[in-house]
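Data first, discussion second: the structure below is written as structure tokens.
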Amino acid sequence: MGGSSLQLLLTFFLFLLCMKPALGNYWGVGNANLNCKERERQTLIKIKEDLIDDHDHLSSWSTEVGREDCCKWRGVHCNNHAGHVTQLNLSISDVEPLRGKLSPFLSELQYLTSLDVSYNDFNHTQIPKSIASLSNLRHLDFSRANFGRNIPFQLGNLSSLQYLDLGWNNFNEPENLEWLRPLSSLSVLCMTSVNLSKVNNWLHVVNQLPYLTVLVLRTCSLPNIFSIPHVNSSNSLDVLNLSDNNLTSSSSVLEWLFNSNTSVVGLGLSHNQFQGLIPDAFSKIHSLELLILNDNEFEGGIPKSFSGMCNLKILSLSNNNLSELLLGIVHNLTGSANHSIEELYLHNNHIMGSFPDLTAFSSLRVLFLSANRLSGTIPESLGKQSNLERLYVGGNPFEGVISEAHFSKLTKLKVFHIYNNSLVFNFSSNWVPPFQLEQLYFVSCQLGFGLPKWLQTQKSYYWLDLSNSTILDTLSNSYWIFPNQKFYMNLSDNQISGHIPNLSLESSFGSIIDLSSNELEGEIPSFVFRGVHLDLSKNMLSKLAFSLCAANNNSLRFLDLSNNRLSGELPDCWMHFEGLKILKLENNNFHGKIPSSVGSLIEIETLDLGNNNFSGELPSFLKNCSKLIFLNLRNNSFSGLIPMWLGRSHPNLVDLILRSNHFYGRMPPHLCHLTYLQILDLALNKITGSIPKCLNNLISLMDKKNPSVAISHSYEVLSLSYVDHTIWMWKGREYEYRNNHVLVKSIDLSSNKLNGVIPKEIGVLDGLISLNLSNNLLTGKITSDIGLLYSLEVLDLSDNKLCGEIPSTLALIDRLNFLNLRNNNLSGRIPIGPQFNTFIASAYEGNPNLCGFPLPKNCLGEETPQNPTVNRSNGDISMQGEEDGFITLGFYVSATIGFVASFWGVCGTLLLNWSWQLSNFKFLNNIRD
């Protein structure tokens, strides 16, 4: 959050320095008293013909009677005297952009001084080279317009150009920037996200632009420069942003900066690879107001010289390796800087010590100290920071009490973030805070037993996160907890009971609500379904139907009602939620068929109906849900054939779980078309026929290095993401996989009626972790290719009719730690290997013709079952027994003679010698006592 705010601030600096008064009425329509030139009007019509205007933004560009004057058209500005088009703004909307291509007829608008086509979609087409003939052009903005191909070097002909922004497009990597040198009037240059990795002289080129005041080369893969360019610039830069590159401390960029640009106002060097101590030389830039050094590898602390930076307002050092005491950092900023600093970002470092008195920083508005190693108590002097607006102190092991005194003069406080500590919050029940918060983030704290009563006084907040904070309260009458504007609310993982109040809140539209893992009960009110994200899982809610169908919200993206007590048939009104991506209803008491309106969920990616009592065949309208990634129907009463279309209509499916239903018929080979599949669970059904040989088409199970695909879904609400999780049988027990879901690549076809042999093609799935084919009617030998499953940890082939020997290739699977081959017709010796030493006899029981360790049955030629040892020299595996010639008949004879001689040597002496007998008797008697 801090990093994005700083980038916005740097952009604001850029905006202030870039906007010129000469732009005039740039965002409006033209002068109403002029008539445009006919030739230019025709040119604009040609330009429109190359554009796709889906939302009629350019409806005013018309030849109809009364609308001929192009100076009145949207985005067109004309000269006040001659009526020529001088400014053209096609930057209409970043949400509803123009599409198509930019017409080369632009070159006919010869009087054009400003052209802005940013935030459009030109589909990777090239910037027309003819624009280079617009000799009067001073302002040119091509940013975020989805241009592609090469940047035309002809742009270097625009000698009057003062402002050029090419950022955030899809250009090919330029070989050089020599075309920039002739742009001697250029004041602002922005090339964000243009890949300049091949331009080794970029610094030399931009250094020869004499009037350059703003340079933004963010995310450009800039190569490091190891020689300082000759300085011939008449003016130093005001704003320099080289963030998100690969610059290192060995580069000469910092040296160039310190020697040639000592009047910089805003400096961004974040997300690079600068190491070591922070250079003292930054303090030489006395004009510096904004210094962003976050996301590097700086160590130590802040130089003492920073105390003299009397203009410094914003300092960001977050996400580094700073390890100094916070008191030392405060001391090294105390001088002039402490009076000017307004925003201080130090979060996610290794800063230690206690929380010092900050009253000397009288201008401080924003303070980020989260995720450090600060300890002790937070001093009450914090309450004297009267200008403080945003405070982030979470993720430090603070102790003690937070009371009203800590907020006594924080009248401007808008944001308070604190989490994961042992602080106890102690406020009187009638406390009225001096502030009106916008964001309150108390996570994993000790708030006490009830919802904070002082929240009733807050009328402006839109962000409330009190999750996992020991709240024991009822929600039934807590109407005040829901804000009167679009909001984010997270009260999960508490002990909140009662009913969700039935409100008519317009503010719920577009909101995010998470009340999961509480003790809520009763009916779900309809207003909560009007948001974009709703999680009510793990409660005791029991009523749904009417409230859901009354909502009618195509903006809802995430709905989790799992682990409740909801019952009855599923409401048939899902056509009102066509934008839904995640739907989780598992572990409830729903019954009946899946309603047809579920087929309207064309954006759905996760559909989890597991552990209910749904019935009927899989309906064909599920073919419409072609974007499905995760489908879980386990533990229901579905029946019929597994349909062919399941493998055709869902090409992105990663998890398919149909376990514990009543499906019958053959396993359709079309499932082999699911090339992204990583979990296939058809266990506990009535599936017949053979295992398809085409399983070798499941390419996501072929490579153990192949990462999991598409199990994490993100959607356009605060960049929220969701990771699928499922219940999986692992070594005979059920486990829930969530964050480690990526590790599970499994096939479970157990407890069906499959017959035939295990196909050897299964051996190519070397990324497979678990294979369970137990409790079927499989016959034949276990294919030796099963030893090629080098990632396999679990193998269960029990309760089949397999015969022959256990393949010795299984000993090659180093990771195998669970093996079950019970109740088959296997025969011969159990293979020898390090894994097989760990398996107990029950893994092989019910195979009367097996022998060898760990079974009590000897193999032919053995008197006792041998505990194998492993000889790993040359990769060989052998038993050190009779076969190696060490334990022979002579060995047994020698051992017997030795034992007899030793026995009678001791006992015979005792029988013949009376004094020894007496001594031995006394010794044994003492031992007994």
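Just so it is clear, none of the values below were taken in a lab; they were calculated from the coordinates. A quick note: this is a predicted structure, and the numbers were derived from the prediction, not measured. Note that each Cβ is placed from the backbone with ideal geometry, even for glycine, and that neighbours are counted across all protein chains shown.
Odds and ends about this structure:
- Qualifying lysines (Cα of each under 24 Å from Cα of Lys72; at least 8 residues distant if same chain): Lys20, Lys37, Lys46, Lys48, Lys101
- Once the C-beta distance of Arg149 and Asn259 is scaled by a Förster radius of 41 Å, the resulting FRET efficiency is 0.65 to the nearest 0.05.
- Cα gyration tensor shape for the stretch 215-295, rounded if a/c is under 1.5, else prolate or oblate: rounded
- Coupling constants for the stretch 835-851 follow from the phi torsions by the Karplus curve (6.51 cos²θ - 1.76 cosθ + 1.60, θ = phi - 60°), and in residue order they are 5, 5, 5, 8, 8, 8, 4, 5, 5, 10, 5, x, 10, x, 9, 8, 8 Hz; glycine and proline get x.
- Applying the criteria of a DSSP loop state and at most 15 other Cβ atoms within 10 Å to the trypsin sites (Lys or Arg not before Pro) of the stretch 804-842 yields Arg815.
- Amide proton proximity set for Tyr488, modelled H, under 5 Å, gap of 5+: Trp463, Leu464, Ile512
- The stretch 388-448: GluC sites (Glu not before Pro) in DSSP coil with no more than 16 other Cβ atoms inside 10 Å: Glu399
- Calculated FRET efficiency for the pair Met702/Glu342, C-beta based, R₀ 60 Å, to 0.05: 0.60
- Amide H contacts under 5 Å for Ile500: Glu521, restricted to partners 5 or more places along the chain or on a different chain, H placed in the peptide plane at 1.01 Å from N.
- Likely footprinting exposure, Ser422, Ser639, Ser236, fewest C-beta neighbours within 10 Å first: Ser422, Ser639, Ser236
- Cα-Cα over 20 Å, subset of Lys753/Lys857; Lys543/Lys627; Lys581/Lys627: Lys753/Lys857; Lys543/Lys627
- Cut-off 19 Å, label 7 Å out along Cα→Cβ of Leu860, residues of the stretch 786-825 by amide N: 803-808, 825
- Given R0 = 30 Å, the distance between the Cβ atoms of Asn35 and Gln485 translates into a calculated FRET efficiency of 0.05.
- HN-Hα J in Hz across the stretch 816-824 - Karplus 6.51, -1.76, 1.60, θ = phi - 60°, x for Gly and Pro: 4, 10, 9, 9, 9, 10, 4, 6, 10
- Peptide packing for 52-63, 186-197, 844-855 was compared via the average number of neighbouring C-beta atoms within 10 Å per residue; ordered from the highest value, the list is 186-197, 844-855, 52-63.
- Where labels lie 7 Å past Cα in the beta-carbon direction, separation of Thr359 and Thr779 in nm: 9.2 nm
- Amide hydrogen proximity for Gly395: with H placed 1.01 Å from N in the peptide plane, the residues at 5 or more positions away or on another chain lying under 5 Å are Ala371, Tyr419, Asn420.
- Net +/- balance of residues flanking Lys198 in space, Cβ distance below 13 Å, scoring K and R +1, D and E -1: -3
- The HN-Hα couplings worked out from phi for the stretch 544-561 by the Karplus form 6.51 cos²θ - 1.76 cosθ + 1.60 (θ = phi - 60°) are 9, 3, 5, 5, 5, 5, 7, 7, 6, 9, 6, 8, 5, 10, 9, 9, 10, 10 Hz, whole numbers, x standing for Gly and Pro.
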